[in-house]
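Taking it in order: structure first as structure tokens, then the write-up.
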Amino acid sequence: MRFNPKKISIEDFAYGLPQGKIAQFPLEQRDTSKLLLLKDGKISQDKFFNIPDHIPENSLLVFNNTKVIQARLLFQKPTGATIEIFCLEPVSPVAEIQHAFQQSSPVVWKCFIGNARRWKSGGITKNIKDGQREIVITAKNVGNVDNTFLIEFSWEPTGLFFSQILEMTGLVPLPPYINRKAIEHDKETYQTVYARHNGSVAAPTAGLHFTPEIFSSLKKKSIKSEYLTLHVGAGTFTPVVDSEIKNHKMHMEHIMIDRDTISSLSGFNDGKIISVGTTTVRSLESLYWFGVKLIVDKDHKQNFIIGQWDPYEHAYKQKISKRESYMAVLEYMDKNELSSLQGVTQLIIVPGYDYKVIDGLITNFHQPRSTLLLLVAALIGDIWKQAYDYALDNDFRFLSYGDSCLFLP
């Protein structure tokens, strides 16, 4: 009987996660977290600062250098009710996220609203101080789309950029399973040391453990590093509620990869490619499938858009190497005079998926019944259960501020 990944039961990826195992705060030093090791089918543990000792020489680590924005804005109505606005993605005057932060008043963003029932109509305002200057911010609900609210933000004085507004008054968007208010220190700890491009509303948490000292150690072992950008959306926390995975709608996320990075990846054959984080996995594998589309469809005008089930379609099941695929992407970029490639992925990776690019994964522990756990299981198989049981039995800390894993199947 032919295996159908869409028939996977999410209950096969459930496990008991006590609340006390979920890390509510980061460790004082990033690299002192525990590291679960899965190598050659054997499970063990170490400290994260020793990770260079466990990565094969001449490997290539690929990082997601997205930067978390202070996406949560709190407004208080005259009645005393607090309205929380969670900025998700820009709509106008531009939808491209890098440019959206450089816009002056007004702007419109897709948002989630906390306590929306207490905000019936009209604008709500907030006054903040910037030195001797007072800034007045107004938010108006101007519509709905895709289960989100369209919120128009305006401010006086109008010359400030939206990025400055968020920096002055926004709060760190901690995940829903961290049961506390964001504090000032989270602005540093919920951000990788190599974060560069604003746009995420959740951190690429596998990278939170890395320090300049670890990068120095990696370099001494001839372990190379490359960077790409995937802006992590709030959809990363969306639970799978249907019993079969075919009914789950995967969220879309924006990717940006420089030509030099793609060129480096296409020519890398000397060692293992190890992804730092699940967001990097989705980016690298999505890039591969874009190259396959270019080869199979022979359409060099198409956009970089990867649908949820594209890799599982019969039309794309051809023996195309990583190098062939990435070279097709580079040819596409040359023809279109692109120095960087931007796209959107909705790719879901589940058991049965055949990894095309990565050989290993550094990642944190993920929630039960999540698409992120499915991605891990697709790489390492059923031994994920033993790995997670080992972590639970050995007091590992789970989820975003928790400990880490190195999977080298």
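Assorted remarks:
- Scanning segment 285-333 for residues that are of a type in the set (A, V, I, L, M) and closer than 13 Å to ASP354 by Cα yields a single hit, ILE320.
- Matching strands (runs of 3 or more DSSP E) fully within segment 1-72 where at least 3 residues are over 30 Å from PHE268 (Cα atoms), more than 23 Å from the chain's Cα centre (by Cα) and at pLDDT below 95: none
- Qualifying positions in segment 380-390 - among the hydrophobic types (A, V, I, L, M, F, W, C) and buried (at least 22 other Cβ atoms within 10 Å of the Cβ): TRP384
- For PRO56, the criteria (1) under 28 Å from HIS185 (Cα atoms); (2) surrounded by 11 or more Cβ atoms within 10 Å (Cβ to Cβ) hold in every case but one, which is (1).
- Some residue of segment 71-78 being small (Gly, Ala, Ser) and within 30 Å of ILE151 (Cα to Cα): yes
- Single residue of segment 227-248 satisfying the filter (without any contact (Cβ under 8 Å) to a residue 24 or more places away in the chain and over 19 Å from ASN364 (Cβ atoms)) that is surrounded by the most Cβ atoms within 10 Å (Cβ to Cβ): ASN247
- Put simply, of ILE274, ILE257 the only residue that is surrounded by 24 or more Cβ atoms within 10 Å (Cβ to Cβ), part of a strand (DSSP E or B), under 22 Å from the mean Cα position of the chain (by Cα) and not basic (Lys, Arg) is ILE257.
- Residues satisfying the stated conditions in segment 292-323, i.e. among the charged types (D, E, K, R) and surrounded by 16 or more Cβ atoms within 10 Å (Cβ to Cβ): LYS293, ASP310, LYS322
- A search for C-beta distances below 9 Å between a residue of segment 115-126 that is under 17 Å from ARG72 (Cα atoms) and any residue that is of a type in the set (Phe, Trp, Tyr) and part of a strand (DSSP E or B), counting only pairs 6+ apart in sequence or on different chains, returns ALA116/PHE149; TRP119/PHE75; ILE124/PHE75; THR125/PHE75; LYS126/PHE75.
The values are calculated or read from the model by the stated rules, or taken from the named source; none is laboratory data. This one's a predicted model, so the numbers in the text were calculated from it and none came from an experiment. Please note: Cβ atoms are built from the backbone with ideal geometry, for glycine as well, and neighbour counts cover all protein chains shown.
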